[in-house]
Amino acid sequence: FAEVLEPKVPRAARAAVRWLRAVAHERIGDIDAAERELLAAESMDPDWPLTLMYLAHIASDRGDAERALVLLRRAGVE
């Protein structure tokens, strides 16, 4: 669905579509693909909180607390 949707949405909304693709990958257990989609979304919109929070979750799961905290701060989480 997200692959079909992405070329049809305005450029400003494409980060959200990438986030949606990341969530789908995460749900089927492909964390590496999810992370790639999230990094693509971050490059499109470096300040979108949902992308940053999901990247922080992945960093935390990998034991990288410092990166997770930086991402959460960027997302506006106290």
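The values are calculated or read from the model by the stated rules, or taken from the named source; none is laboratory data. Nothing here was measured: the structure is a model prediction, and the numbers come from that model. Glycine gets a Cβ as well: all are built from the backbone with ideal geometry, and neighbour counts include every protein chain shown. When the accessible area is computed, the model is the full protein with side chains, heavy atoms only, and any ligands, DNA or RNA have been set aside. Shrake-Rupley method; radii C 1.70, N 1.55, O 1.52, S 1.80 Å.
Counting only residues that are among the acidic types (Asp, Glu) and closer than 19 Å to Val9 by Cβ, which one in the stretch 29-78 is surrounded by the most Cβ atoms within 10 Å (Cβ to Cβ)? By that ranking, first place goes to Glu37. Among the residues making up the stretch 1-16, a single one is assigned to a helix (DSSP H, G or I) and β-branched (Val, Ile, Thr): Val4.
Among residues of the stretch 1-28 that are in contact (Cβ under 8 Å) with a residue 12 or more places away in the chain and open to solvent by less than 90 Å² (accessible area, probe 1.4 Å), those with a Cβ under 6 angstrom from a residue that is hydroxyl-bearing (Ser, Thr, Tyr) and assigned to a helix (DSSP H, G or I), sequence gap 6+ or separate chain, pair up as Trp19/Thr51.
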